[in-house]
Amino acid sequence: MRKEIIVALKALIVLMLLALVAFQVVIVLGMGEGLTEEFGDDAKVMVVLWSCVFAFVICAQAGLIFVWRLATFATEGTIFNRRAFGAVNGMIVSVLAGLTFAVIATVTVVVTMGIGVPPMVAGVGVFIALTCLALALVVVIMRALLRQATEFQSELEEVVGCPF
């Protein structure tokens, strides 16, 4: 893979990580005021929602770090190596954890607000959950392709007698 693409990807990952840290500091920590207005003094709901949003952002950050690791493997020319599966599996776990936190937050809002829940709020939660599920399935498929390519690489090294 071209080094310029990897450098651009890593620069984008750094920007995204910085944006997520800013989001955690500014939005998530400031979220308490909005939750107090919406749910009043129900501290349990506020703690659950705040925790889910904070944990979801951490899952996104972890996923980006795993992408960084895979980009490093690509730069080194070792992407078709068994070590790459750890990063792919970590990405899958991060996305599924994010899915779990999105579902918990959505269910908490719907149960707490009942019939009065704005459809947009529930819709956003469902959209985020479905996006996480789709991303996890894409990464699972990509893992299968990586496994196949790794096996082909190993076979080719055996036939040729030298590593590439």
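The values are calculated or read from the model by the stated rules, or taken from the named source; none is laboratory data. Remember, it's a predicted structure, so these values are computed and weren't measured experimentally. Methodologically, a virtual Cβ is constructed for each residue, glycine included, from the backbone with ideal geometry; neighbour enumeration extends over all protein chains shown.
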Study note, to complete from the structure: Per the filter on the range 60-89, residues within 12 Å of the chain's Cα centre (by Cα), over 14 Å from L135 (Cβ atoms) and not aliphatic (A, V, I, L, M) are Q61, N89
Point to revise | Residue, nearest to A122 (Cα to Cα), within the range 59-94, restricted to residues that are hydrophobic (A, V, I, L, M, F, W, C) and in contact with a Gly (Cβ under 6 Å, 6 or more places away or on another chain) | key: C59
**Study point:** Those residues of the range 75-90 which are within 11 Å of L146 (Cβ to Cβ), in a helix (DSSP H, G or I) and touching a residue at least 40 places away in the same chain (Cβ under 8 Å), in sequence order
**Key:** A84, F85, V88, N89
Point to revise | Residue within the range 128-144 that is at pLDDT below 90 and surrounded by 15 or more Cβ atoms within 10 Å (Cβ to Cβ) present | key: no
